[in-house]
Amino acid sequence: MDKALLIIMAKWHGFGRCKTRLSRDIGKSNSAKIQSIMTNHTISVAKSLQKIKPIDISIAISGLGEKNCKRWSKKLGIKKFNLQGKGCLGEKMKKQILINKKFCTQKKIKNIIFIGTDLPDLCHLDLLNTIRELKQNDLILGPSNDGGYWLIGLSEKIISKNLYLPFINIKWSKEDVLQNTIDNFASTKLKYKFLDKKIDIDTIIDIENREYQLV
């Protein structure tokens, strides 16, 4: 199994600075608590895999300055961190790939996986399945209920030669992000595969829909 770099796109759970749509329904304090819980869960799942060494972890943080990012990363038990920087989500992810390129070369890491911190039901098998599928596929996508994706896994072939493909011609935060991503690969011979669909927690409706699925 080829080792992968897992990049966690995380936002600081400050009061009034995260989950703005959710906070309209449950308040800023409660939405910040939910964000904190989901972030800690994501980190816990990732670290459980890091112990058996199929991944290295890097956390990409928004909402804090560099000193506070370092402090938060240390508290979470993650050694490697970077600031997300400016731009749309695609620009931020592409930037993280470029920032980590030297590290990947040094550690002989071929694949990169991105996840967010909005999945209370994320488990280690989601990440293990992604790593396994990247042996046979160039792109792995975890569809989300809002038309986007909760995970994207990129093979060495994409990272080295086709880095622009997953991130161009996409209107981020719209309901056709996943479809536009797939369309970018339509004229290529690159192979992609889907994981199971999950619900990103962004609104009160997402929480209600998840509870309904669990009943």
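Coordinate-derived values only; no laboratory data. Predicted, not measured: the structure shown is a model, and the values here were computed from it. Reconstructed Cβ throughout: ideal geometry from the backbone, glycine too, with neighbour counts over all protein chains shown.
Going by amide H atoms built from the backbone, whose H comes under 5 Å of the H on GLY148, apart from near neighbours? Under 5 Å from the amide H of GLY148 lie the amide H atoms of LEU178, each far enough along the sequence or on another chain.
Label-to-label distance for ASN40 and ARG132 is 3.1 nm, based on points extended 7 Å past Cα in the beta-carbon direction. Under a model in which nothing but the beta-carbon of Lys, Arg (+1) and Asp, Glu (-1) is charged, region 4-214 shows a dipole of about 1320 debye around its Cα centre. For region 4-214, the share of DSSP beta bridges that are antiparallel, to the nearest 5, is 30%. For region 42-58, the Karplus equation 6.51 cos²θ - 1.76 cosθ + 1.60, evaluated at θ = phi - 60°, returns couplings of 4, 4, 4, 4, 4, 5, 5, 7, 4, 5, 9, 6, x, 9, 10, 10, 10 Hz by residue, with Gly and Pro reported as x.
Cα centroids of region 134-167 and region 64-121: how far apart, whole angstrom? Using only Cα atoms to place each centre, the spacing works out to 16 Å.
A cut-off of 5 Å between modelled amide H atoms, ignoring neighbours fewer than 5 places along the same chain, links ASN111 with LEU5. For the chain, the 222 nm mean residue ellipticity estimated from helices alone, with every DSSP H stretch of n ≥ 4 adding -39500 (n - 2.57) and the total spread over all residues, rounds to -13000 deg cm²/dmol. Sequence-ordered 3J(HN,Hα) estimates for region 191-201 from the Karplus curve with 6.51, -1.76 and 1.60 and θ = phi - 60° stand at 9, 9, 8, 9, 8, 5, 6, 10, 9, 6, 8 Hz, glycine and proline given as x.
With the simple model of a label 7 Å out from the Cα in the direction of the Cβ, HIS124 to LYS47 spans 1.3 nm.
Hey, for a label at ASP25 modelled as a point 7 Å past Cα toward Cβ, could you say which residues of region 131-152 have their backbone N under 16 Å away? Backbone N within reach: 145-147. Subtracting the Cα-Cα distance of GLU156 and LYS33 from 0.36 nm times their residue separation leaves 40.6 nm of extension gain.
Evaluating 6.51 cos²θ - 1.76 cosθ + 1.60 at θ = phi - 60° for every residue in region 92-103, the Karplus couplings come out as 5, 5, 4, 4, 5, 5, 5, 4, 8, 4, 5, 4 Hz, glycine and proline recorded as x. Between PHE194 and THR105, the simple label model (points 7 Å from Cα in the Cβ direction) yields a spacing of 3.7 nm.
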